[in-house]
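Undergrad: Shown below is the structure under consideration.
Every read-out reported here was derived from the displayed coordinates using simple, explicitly stated rules and does not represent laboratory data. All figures in this text were calculated on a predicted structure; none of them were measured in a lab. Please note: Cβ atoms are built from the backbone with ideal geometry, for glycine as well, and neighbour counts cover all protein chains shown.
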Amino acid sequence: MIIKSPIATEKAIRLMELGNELVFKVDERATKKEVKDAVESKFKVKVVKIRLMRTIKGYKKAYVKLSEDTPAIDVATRLKLT
């Protein structure tokens with residue numbers, strides 16, 4: 001499983017509202033292509049850009065920018081984040 005869970009911190013919510021981005025905790029070995037394919041197939045959205053980051057706490061985060069025709073807030077509502 002590539003996507004482990006969504007992240008709902010204050011920063012993640014702000015990115016969702018202002019930048020149309022979602023933040024997920026992902027598998028340690030996941031690549032950008034794998035994360036993009038997983039998000040597009042699971043949520044039926046168009047992904048524009050992926051940024052991956054390893055945290056100090058030892059897990060990997062993915063910042064997923066969605067296309068303008070798919071608001072991130074809609075996906076967050078389906079995930080029950082808002």
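Undergrad: Longest exposed-loop-site-free stretch of the chain, with GluC sites (Glu not before Pro), DSSP loop and at most 11 other Cβ within 10 Å?
TA: 29-67
Undergrad: Most mobile of 70, 31, 55 per a Gaussian network model of the chain (Cα springs, under 10 Å)?
TA: Fluctuation is largest for 55.
Undergrad: Rank 23, 72, 55 by how far each Cα sits towards the positive end of the charge dipole of the chain (+1 on Lys, Arg Cβ; -1 on Asp, Glu Cβ) and give me just the farthest.
TA: Going by the Cα projections, it comes out as 55.
Undergrad: Hey, another quick one. Go through 33/57; 32/61; 11/44; 33/60 and tell me which ones have a Cα-Cα distance over 20 Å in this structure.
TA: Cα-Cα > 20 Å for 33/57; 11/44; rest within.
Undergrad: Can you give the helix-only mean residue ellipticity at 222 nm for the chain, where every DSSP H stretch with n ≥ 4 adds -39500 (n - 2.57) and the sum goes over all residues, rounded to the nearest 500 deg cm²/dmol?
TA: So the helix-based figure for the chain works out to -10500 deg cm²/dmol.
Undergrad: Turning to a different aspect of this structure: Under 20 Å between alpha carbons, and skipping anything fewer than 8 positions from residue 46 in its own chain: which aspartates and glutamates qualify?
TA: Candidates past the 8-residue exclusion: 17, 21, 34, 37, 68, 69, 74.
Undergrad: Can you give me the orientation-averaged projected area of the convex hull built on the Cα atoms of the chain, in nm²?
TA: 4.9 nm²
Undergrad: Further, regarding this structure: What's the longest uninterrupted piece of the chain once you rule out the trypsin sites (Lys or Arg not before Pro) that are loop residues per DSSP with at most 14 other Cβ within 10 Å?
TA: Longest site-free region, per DSSP loop and neighbour criteria: 1-28.
Undergrad: Can you give the charge dipole size of the chain about its Cα centre, rounded to the nearest 20 debye, using +1 on the beta carbon of Lys and Arg and -1 on the beta carbon of Asp and Glu?
TA: 360 debye
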